[in-house]
């Protein structure tokens with residue numbers, strides 16, 4: 001399979017002061033005053049809803065990360081004079097957008113980005129705000145987009161319906177991606193994690209300015225999907241994020257996945273430096289060479305090197321992550337932590353649909369299919385032939401001579417979903433609860449009707465939940481760039497409102513429940529109850545109990561071997 005198609009799977013692989021809430025309102029525009037200056041927004045509406053939402057696009061939350069600021073932690077945005085126009089979308093962060101759009105088109109995902117290179121810039125540290133009332137003190141939902149830390153943008157996620165239908169302020173951010181966002185030499189010269197530190201800076205901006213938009217700075221919930229969920233999981237244990245949010249929602253992602261944290265980040269640096277012909281001198285000289293390289297050359301290198309195939313961008317930098325995230329979780333006090341967390345029922349179908357093989361499908365082909373996806377989320381020693389056979393022996397009940405291709409495919413989907421998503425998510429959930437926190441766990445099992453014609457199987461897969469938690473079907477298509485349309489059936493219209501209500505209830509009270517919704521029990525280590533989210537929600541128990549124990553033992557043996565042979569990098 002070619003690099004292009006292979007790469008697509010990684011895409012779906014984040015001080016309190018009073019701010020004046022004075023504003024001017026015309027028919028279709030509004031001006032508010034923040035600590036940094038005045039901002040002009042625009043009035044938007046969800047479909048079939050006359051209630052206005054005030055949208056503010058591309059507000060800078062940090063100085064441009066260009067010149068000497070490249071590869072540096074973000075610096076707070078400076079005040080401006082006059083009224084800043086925030087009525088149009090500005091810039092997307094540098095990325096391989098052509099590959100991203102190809103994936104969205106192939107998989108029929110309504111997350112398309114502009115094809116025009118003029119939309120992309122290093123100067124991209126912006127956020128969008130949607131609010132139904134600038135004079136209120138509403139809960140704030142702070143969205144961190146996914147895309148494997150290599151692609152994506154907060155601009156794609158229109159918060160109009162979520163805000164209008166639920167009386168909540170929605171914030172969606174950009175952060176630096178790929179080499180520009182996560183390049184590290186593995187030492188203090190270039191520690192990395194700039195993209196995560198961008199998210200922290202955006203949270204600080206919200207803390208200081210969200211009152212001007214009708215938001216309550218003491219009721220901020222961070223939520224994200226895929227790499228956005230990795231980000232949320234990271235903020236739960238990073239000392240840099242302390243006191244910047246109240247609740248956290250994690251959709252389809254855990255920082256405790258085997259390969260999210262890079263054990264040797266200098267490899268990424270050496271790769272891009274060589275590509276840019278920065279090969280002579282000391283390590284400082286090489287860093288300066290890369291820093292001074294024109295961004296167009298870096299953009300070309302991103303496309304040439306195929307960074308969508310990379311997965312392990314996060315590093316132990318000594319600041320955002322003083323230690324490996326695993327140890328931060330093992331040592332954390334979560335007594336003040338409340339999370340809502342879960343996955344879709346068949347997470348990896350979206351990725352396995354891109355896998356193909358030649359000839360007859362047999363046991364060896366089955367192992368190749370498992371390795372195809374697990375290899376993206378795991379280190380090489382995890383997917384050795386010995387370990388693949390161990391996994392297969394646990395999941396296959398029959399004599400392999402009696403198993404047909406359809407059964408093999410179903411088992412491959414089950415294995416890869418369990419290992420790459422559900423085990424890391426449940427591992428994080430159990431750790432939080434064991435160490436004093438509260439959690440509400442879910443499986444999203446609804447199959448979107450508008451996707452039925454585009455899939456080989458009727459399953460709920462990665463990203464499906466987003467289109468209901470944001471209420472995409474209640475909005476007109478964005479006019480800034482071509483987008484695929486989301487439509488709801490009559491039943492899905494009700495379901496989408498239920499999904500948004502669960503999420504907003506949690507952001508408001510730290511509990512998704514209300515009298516008008518099916519009960520969602522709190523997760524406990526005793527009964528492991530979780531919500532099965534579909535048109536008629538139900539409750540499940542003993543979440544993947546036997547399988548979780550298998551994966552826990554499986555990974556423990558691998559980690560023991562790594563410790564034995566000294567292959568772990570735990571601190572800067």
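The values are calculated or read from the model by the stated rules, or taken from the named source; none is laboratory data. On a predicted model such as this, the values are computed, not experimentally measured, just so you know. Ideal geometry is used to build each Cβ from the backbone, glycine not excepted, and the neighbour counts take in all protein chains shown.
Report yes if residue 158 is farther than 27 Å from residue 305 by Cα, in a loop (DSSP other than H, G, I, E, B) and over 16 Å from the mean Cα position of the chain (by Cα), otherwise no. Full working, then the answer.
Working: farther than 27 Å from residue 305 by Cα: yes; in a loop (DSSP other than H, G, I, E, B): yes; over 16 Å from the mean Cα position of the chain (by Cα): no.
Considered against the rule, which asks whether it is farther than 27 Å from residue 305 by Cα, in a loop (DSSP other than H, G, I, E, B) and over 16 Å from the mean Cα position of the chain (by Cα), residue 158 comes out as no.
Please pick out the residue among 391, 415, 403 that is surrounded by 15 or more Cβ atoms within 10 Å (Cβ to Cβ) and either out of contact with any helix residue (DSSP H, G or I) (no Cβ under 9 Å at 6 or more places or on another chain) or over 27 Å from residue 556 (Cβ atoms) (or both). Please lay out each step first, then the result.
Working: 391 fails: either out of contact with any helix residue (DSSP H, G or I) (no Cβ under 9 Å at 6 or more places or on another chain) or over 27 Å from residue 556 (Cβ atoms) (or both); 415 fails: either out of contact with any helix residue (DSSP H, G or I) (no Cβ under 9 Å at 6 or more places or on another chain) or over 27 Å from residue 556 (Cβ atoms) (or both).
The match here is 403.
Give the residue that is farthest from the chain's Cα centre (by Cα), with candidates limited to residues of segment 67-90 that are on the phi > 0 side of the Ramachandran plot and surrounded by fewer than 19 Cβ atoms within 10 Å (Cβ to Cβ). Even if it seems obvious, please write down each step before you answer.
The first filter runs over segment 67-90 and keeps only residues on the phi > 0 side of the Ramachandran plot, leaving 67, 71, 82.
Keeping just the survivors that are surrounded by fewer than 19 Cβ atoms within 10 Å (Cβ to Cβ) gives 67, 82.
Working: 67: 28, 82: 35 Å.
Within segment 67-90, the match that is farthest from the chain's Cα centre (by Cα) is 82.
For segment 350-376, how many residues meet the condition of being touching a helix residue (DSSP H, G or I) at 6+ places or on another chain (Cβ under 6 Å) and outside any helix (DSSP H, G or I)?
Count: 4.
Take segment 446-461 and flag every residue that is closer than 22 Å to residue 519 by Cα and buried (at least 21 other Cβ atoms within 10 Å of the Cβ).
Within segment 446-461, 446, 460 qualify.
Which condition number does residue 102 fail, the rest of (1) modelled with pLDDT under 95; (2) surrounded by fewer than 24 Cβ atoms within 10 Å (Cβ to Cβ); (3) on the phi > 0 side of the Ramachandran plot being met?
(3)
Name the residues in segment 377-391 that are at pLDDT below 90 and either farther than 18 Å from residue 564 by Cα or part of a helix (DSSP H, G or I) (or both), would you?
Residues satisfying the conditions are 377, 378, 380, 381, 382, 383.
Considering only segment 124-131, I want to know if a residue exists there that is within 26 Å of residue 223 (Cβ to Cβ), in a loop (DSSP other than H, G, I, E, B) and at pLDDT 95 or above.
Keep residues of segment 124-131 that are within 26 Å of residue 223 (Cβ to Cβ), which gives 124-131.
From what's left, in a loop (DSSP other than H, G, I, E, B): 124-125.
Filter again for at pLDDT 95 or above, leaving 124-125.
Scanning segment 124-131 turns up at least one residue that is within 26 Å of residue 223 (Cβ to Cβ), in a loop (DSSP other than H, G, I, E, B) and at pLDDT 95 or above.
Name the pairs: first residue in segment 219-246 and on the phi > 0 side of the Ramachandran plot and crowded, with 24+ Cβ neighbours inside 10 Å, second residue part of a strand (DSSP E or B) and at pLDDT 95 or above, Cβ to Cβ under 8 Å, at least 6 apart or on different chains?
Here the result reads 226/251, each pair linking segment 219-246 to a residue that is part of a strand (DSSP E or B) and at pLDDT 95 or above.
Please verify whether residue 394 is in a helix (DSSP H, G or I) and over 19 Å from the mean Cα position of the chain (by Cα), treating the condition exactly as stated. Don't jump to the end; show me each part of the working.
Working: in a helix (DSSP H, G or I): yes; over 19 Å from the mean Cα position of the chain (by Cα): yes.
The answer is yes for residue 394.
If a residue counts only when it is in contact with a strand residue (DSSP E or B) (Cβ under 6 Å, 6 or more places away or on another chain), over 30 Å from residue 343 (Cα atoms) and at pLDDT 85 or above, which strands (runs of 3 or more DSSP E) contained entirely in segment 1-76 have at least 3 such residues?
Numbers: elements: 23-25, 29-33, 38-44, 53-60.
Those strands (runs of 3 or more DSSP E) span 29-33, 38-44, 53-60.
For segment 234-243, which residues satisfy the criterion of being in contact with a strand residue (DSSP E or B) (Cβ under 7 Å, 6 or more places away or on another chain) and outside any helix (DSSP H, G or I)?
Selection gives 236 alone.
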